Amino acid sequence: MEGGNFTIKNWSEDDKPREKLMLKGKDVLSDAELLAILIGSGSRNESAVALSQRILASVGGLNSLAKLSIVQLMKFKGIGEAKAVTIVAALELCARRRSERAEETIKITSSKMVFNIMQPLIGELSHEEFWVLFLNNSNNVISKSQLSKGGIAGTTVDIRLIFKLAFEKCATGLILCHNHPSGGLIPSEADKQITKKIYEAGNKLDVKVLDHLIITESKYYSFVDEGIF
């Protein structure tokens, strides 16, 4: 075969997305083609692109795909454990990149900025997680930490640990965040009680609790914006 005639058409279906990316750049690839590169190969009766198209059509797009567990991904014919792990890892990297990019704004001046930082991390989870953003005197984010998984009851959020971390990081302020997998934004009585306890502890220890956000996939509830603080 002559070199000049060796085009992308000569590649197998599974190789085409990879070569298309190399020849034309990442921006020209569809979601299915990018996913096909992660998957690597399809089956005897279905190319990696066709498999990717089938998966995305079934779940409704990348956002929904990111919510699937390894076990759920393996229910698709053609997706084994290794491919499922690769997909989950790649989508988690995307979420972390979005969070880091949002965090580059550094100085927190609104609840919306907190939402932009935390939504990629907890907004699409199927379980509850409780996080804390630690801030300095200028309201710059020093760091963020996950405090608990699975609930918001007082027994699962260690108030002493929150302030131990705050002192270790020399934080003067903090913002509480947790998600509601149900999509509801109204704080529960447990949400209010734990917020009150942390707020009062912060006043005594001179570490100001600046806000508490409840985060869902596309919206958020701010205790400060709603006048609860």
Just the residues that are modelled with pLDDT of 90 or more and either part of a loop (DSSP other than H, G, I, E, B) or assigned by TED's automatic domain parsing to the domain that holds L34 (or both), please, taken from region 92-111. I108, T109, S110
Restricting region 47-74 to residues that are of a type outside the set (A, V, I, L, M) and buried (at least 17 other Cβ atoms within 10 Å of the Cβ), the residue that is nearest to A89 (Cα to Cα): S52
I'd like to know if region 181-202 contains one or more residues that are in contact with a Cys (Cβ under 6 Å, 6 or more places away or on another chain) and in the same structural domain as I122 (by TED's automatic domain parsing). no
Of all residues in region 57-96, which are of a type outside the set (K, R), touching a Leu at 6+ places or on another chain (Cβ under 8 Å) and touching a residue at least 24 places away in the same chain (Cβ under 8 Å)? L62, L65, A66, F76, G78, I79, T86, I87, A90, L91, A95
Hey, can you tell me all the residues within region 20-33 that are on the phi < 0 side of the Ramachandran plot and either aromatic (F, W, Y) or surrounded by fewer than 16 Cβ atoms within 10 Å (Cβ to Cβ) (or both)? M22, L23, K24, K26, D27, V28, S30, D31
In the set S143, S138, S148, S126, the lone residue that is surrounded by fewer than 19 Cβ atoms within 10 Å (Cβ to Cβ), in a strand (DSSP E or B), touching a residue at least 24 places away in the same chain (Cβ under 8 Å) and not assigned by TED's automatic domain parsing to the domain that holds S69 is S143
Residue count, region 20-41 (criterion: under 20 Å from E124 (Cα atoms) and not in a helix (DSSP H, G or I)): 0
Name the residues in region 174-209 that are part of a loop (DSSP other than H, G, I, E, B), in contact (Cβ under 8 Å) with a residue 40 or more places away in the chain and closer than 18 Å to L161 by Cβ, would you? V207
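Conditions tested, residue by residue: (1) crowded, with 17+ Cβ neighbours inside 10 Å; (2) among the basic types (K, R); (3) in contact with a His (Cβ under 7 Å, 6 or more places away or on another chain).
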position: F130; (1), (2), (3): yes, no, yes
position: F134; (1), (2), (3): yes, no, no
position: K169; (1), (2), (3): no, yes, no
position: P181; (1), (2), (3): no, no, yes
position: E200; (1), (2), (3): no, no, no
position: V207; (1), (2), (3): yes, no, no
position: D211; (1), (2), (3): yes, no, no
position: E226; (1), (2), (3): no, no, no
The residue that is nearest to E19 (Cα to Cα), considering only those in region 42-71 that are assigned to a helix (DSSP H, G or I) and within 18 Å of the chain's Cα centre (by Cα), is L62
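The values are calculated or read from the model by the stated rules, or taken from the named source; none is laboratory data. Everything numeric in this text was worked out from a predicted model, so none of it was measured. As a convention, Cβ positions derive from the backbone with ideal geometry for all residues, glycine included, and neighbour counts pool all protein chains shown.
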